[in-house]
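In what follows, a structure is listed as structure tokens, so that the remarks can point back to it.
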Amino acid sequence: METQNHIAGQRRQQTVTDMPRAAEVGQALKDLRFPADKRRIQLFIQQQSHNNADYQKIVSLLDKMEDRQYQNVSDVTKAAGLVE
């Protein structure tokens, strides 16, 4: 157990299943204001893409996400199956 600011806690264990793609999603969404729903996230990436093939891959990856509100980029990468 670690203590931060006198609050006991545990280390967070996460497994990144696709580091390059998770980094791409993070970079693509860096200027998006959260919370955001699935549709807003997809539209934001499409607007950023300018026909960039990598961004089109991200859009198709995010199609698999549940239609709900996402609080941050980490929430999106988990929903997309890039982080467990």
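Output the peptides 63-74, 31-42 sorted from most to least packed, where packing is the average of other Cβ atoms within 10 Å over each peptide's residues. Show your work: numbers first, answer last.
On the way: 63-74: 12.7, 31-42: 14.2.
With the highest mean Cβ count within 10 Å placed first, the list reads 31-42, 63-74.
If the convex hull of the alpha-carbon atoms of segment 27-84 is projected onto planes in all directions, what is the mean projected area in square nanometres?
The orientation-averaged projected area of the Cα hull of segment 27-84 comes to 3.5 nm².
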* Can you give the accessible area per residue of segment 19-73, in Å², using a 1.4 Å probe? -> 64 Å²
* Structure fact -> The simple spin-label model distance between Phe44 and Gln27, using points 7 Å out along Cα→Cβ, in nm, is 1.7 nm
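The values are calculated or read from the model by the stated rules, or taken from the named source; none is laboratory data. Predicted model only: the values in this text are computed from it and were never measured. Here the Cβ is made from the backbone with ideal geometry for all residues, glycine too, and neighbour counts use every protein chain on show. For accessibility, only protein heavy atoms count, side chains too; no ligands or nucleic acids. Shrake-Rupley method; radii C 1.70, N 1.55, O 1.52, S 1.80 Å.
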